[in-house]
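The values are calculated or read from the model by the stated rules, or taken from the named source; none is laboratory data. Not measured: the values here are computed from a predicted model. Cβ: placed from backbone, ideal geometry, glycine included. Neighbour counts: every protein chain shown. Ligands, DNA and RNA are excluded from the accessible area calculation, which covers all protein heavy atoms including side chains. Shrake-Rupley method; radii C 1.70, N 1.55, O 1.52, S 1.80 Å.
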Amino acid sequence: MATANYSHHFSHRNIPFGIASSQTHEKPQAVSRLGNTILFLHDLHVQGLFKDTKDLPENIFNQPTLNRFAALSKSEHQYVRKKIQEVFHHHGLDGFPSASEEVADAITMHLPMVIRDFTDFSCSLHHVINAGHIVAGNAKPPPSFFKFPVGYQGRTSSIVVSGTDIERPYGHFLNPKVIDPQREETIIFGPSQKVDYEVELAAVIGKPLPMKKRLHAEDADDHIFGFVILNDWSSRDIQGFEMSPLGPFNGKSLGTSISPWIITPDALEPFKTSIAPQQASGPTYLQQSKPSTYDILMNVEILTNSDKTTVGVCPVQSLYWTPQQMIAHSVSSGSALRTGDLLATGTVSGEHNLSRGCLLETTEGGTKPVTLSDGSKRGYLEDGDVVRITAMAGAPRLGVGFGECIGRLTPARPF
């Protein structure tokens, strides 16, 4: 699966964190990135780059996940990031030990965290309106949407790093060729016929919060280690049948892809943008004195052979609920936060046709297929299709990027 060059996503303004391995660094461990150069952080630590702090444990970067580092205080995350920026500013890449550097094409990225809990929210009013109209013939959002960010618990065992294939799932769904719902053959068990992607942004929890502790949205930033792109692959036919009377289950657990680089709140700080205080009349724990979100544009493409087609350009700033409000609401019943928890926004969709974050919306439930650059049409994804989501905060060459979240849909294996 070919990957693009994302050097402009990772300038000195970014300094993301991830887990990687290579031929010379066989053990997966913590890394950062400058352009197309990967920096192995344990090597930098051993060489004394971070000697000005005593709060970084000796082997903190020589770990197969970022959980231990993420659980440290935010000041330690900031110190490591600023130290790398400082060295690069004065000496360029020559300021780092050559043994700590590898080119991006020579390394393998791994899942950056052990994911403890996964919660998927529904924060886009546009998505709720569009999906309600398409699926239920009712575009009116449920009253709960305007009171709090609605969410459900997902399957952490299905979360995979970008580049991992996703298999078309088997499941139960209604036979679209049988009109009479009383006939037994109206229910099929077979490969899903309506596999979809969902463009999402997800917050990764660093600092934990014990059970039975109150958290206001105003203070939620203290618990965010960073953000990733998330593709919540969905089987619309399985999902639609099983959601009466409960929530999503097998229609959502076929796979959830995340980008390998965690982008810190400090890197995104220059791209904060204010939003209208739409929830000012809600519970106090959801209120923010200066409501804000990030100026992030998410781009989704379908790749077929050598062709690629942009099928959505989705603005994060169009979301009704913010990541901070998602986090505050997730613990409002007394639940805990754990390092590695993943909380996703749900489908990021804007108000225009070209800003819709899933094929359900873009093709109006498959009834109006989108035409790809190779001339083929898609109501939903076909076997072999590759979905690539990228994201950029700010201007393309001056902002901070996330790299890509990419995955290929493979055929269902027979039972």
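With θ set to phi - 60°, apply the Karplus curve 6.51 cos²θ - 1.76 cosθ + 1.60 along segment 297-313 and write out the HN-Hα couplings as whole Hz, x wherever there is a Gly or Pro.
10, 10, 10, 10, 10, 10, 10, 10, 6, 9, 9, 9, 9, 6, 10, x, 10
How much accessible area per residue does the chain have, counting only protein heavy atoms and a probe of 1.4 Å, in square angstrom?
Numbers: 18480 Å² over 415 residues.
So the chain comes to 45 Å² accessible per residue, rounded to a whole number.
Which sequence of M243, M298 reflects their accessible areas, 1.4 Å probe, from the largest down? Spell out each step's value before the answer.
Details: M243 85, M298 0 Å².
The most accessible residue leads, giving M243, M298.
Amide H to amide H under 5 Å from Y320: which residues, 5+ apart in sequence or cross-chain, H placed 1.01 Å off N in plane?
S124, L125
Would you kindly work out the equivalent ellipsoid of the chain from its C-alpha gyration tensor and give its semi-axes, the square roots of five times the eigenvalues, largest first in whole Å?
Values: eigenvalues 262, 126, 75 Å².
For the chain, the ellipsoid semi-axes come out as 36, 25, 19 Å.
Would you calculate, for the chain, the mean residue ellipticity at 222 nm contributed by helices, counting each DSSP H stretch of 4 or more residues as -39,500 (n - 2.57) and dividing by all residues, to the nearest 500? It would help to have the intermediate numbers written out before the result.
Working: 8 runs with 58 residues, N = 415.
That comes out to -3500 deg cm²/dmol.
Taking the Cα-to-Cβ direction at A139 and at L93 and moving 7 Å from each Cα, how far apart do the two end points lie in nm?
Each label point is offset 7 Å from its Cα along the Cβ direction, giving 5.1 nm.
Could you please state how large a percent of the accessible area of the chain is carbon and sulfur, counting protein chains only and using a 1.4 Å probe?
Numbers: 9660 of 18480 Å².
Roughly 52 percent, rounded to a whole number.
Under a cut-off of 19 Å between alpha-carbon atoms, report the lysines in cross-link reach of K51, not counting same-chain residues fewer than 8 places apart.
Those lysines meeting the cut-off are K74, K82, K83.
Please give the peptides 87-94, 320-327, 265-272 ranked by average Cβ packing (other Cβ atoms within 10 Å per residue), highest first, as a rough proxy for protection. Let's see the in-between values first.
Working: 87-94: 12.6, 320-327: 25.1, 265-272: 17.5.
By packing density, highest mean first, the sequence is 320-327, 265-272, 87-94.
Nearest-5 percent of antiparallel DSSP beta bridges in the chain? Write out the running numbers ahead of the final one.
On the way: 68 of 76 bridges.
Given both bridge residues lie in the chain, the antiparallel proportion sits at roughly 90 percent.
Given a cut-off of under 8 Å on Cα pairs at least six residues apart, what relative contact order in percent is computed for the chain?
Values: 971 pairs, mean separation 86.4, N = 415.
Over the chain, the number comes to 21 percent.
Could you give the distance between the Cα centres of segment 319-349 and segment 84-103, to the whole Å?
36
Using the Karplus curve 6.51 cos²θ - 1.76 cosθ + 1.60 with θ = phi - 60°, work out ³J(HN,Hα) for each residue of segment 213-226 in order, rounded to whole Hz, and write x for Gly and Pro.
Running phi through 6.51 cos²θ - 1.76 cosθ + 1.60 with θ = phi - 60° gives 10, 7, 9, 9, 4, 4, 10, 5, 4, 4, 9, 8, 6, x Hz.
Just to confirm my numbers, what's the Cα centroid distance between segment 117-164 and segment 383-412 in Å?
Spelled out, the Cα-based centre of one part sits 20 Å from the other.
Provide the solvent-accessible area of E218, counting protein heavy atoms only and rolling a 1.4 Å probe, rounded to the nearest 10 Å².
Number for this one is 90 Å².
Please list, in chain and number order, the residues 5+ apart from V150 or on another chain whose amide H is under 5 Å from its amide H, with Hs placed from the backbone.
S122
Using a Förster distance of 41 Å, how high is the FRET efficiency between F249 and S373, based on the Cβ-Cβ distance and rounded to 0.05?
Details: r = 35 Å, r/R0 = 0.85.
According to the calculation, E is roughly 0.70.
Which residue, chosen from A217, G340, V400, occupies the Cα position most advanced towards the positive end of the dipole of the chain, where the dipole is computed from +1 (Lys, Arg) and -1 (Asp, Glu) charges on Cβ about the Cα centre?
A217
Label K82 and T309 with points 7 Å out from Cα along Cα→Cβ: what is the distance between them in nm?
4.9
Helix 74-91 versus the longest principal axis of the chain: what angle, 0 to 90°, nearest 10, using Cα atoms?
60
Per residue of segment 387-398, in order, report the coupling 6.51 cos²θ - 1.76 cosθ + 1.60 (Karplus, θ = phi - 60°) as ³J(HN,Hα) in whole Hz, putting x for Gly and Pro.
9, 10, 10, 10, 8, 9, 9, x, 5, x, 9, 10
Amide H neighbours of N14 under 5 Å, counting only residues 5+ apart in sequence or on other chains, H built in-plane at 1.01 Å?
none
So how do D222, D43, D341 rank on accessible area, 1.4 Å probe, biggest first, that is with the largest at the start? Please report the intermediate quantities before stating the final value.
On the way: D222 85, D43 35, D341 5 Å².
Ranked list, largest accessible area first: D222, D43, D341.
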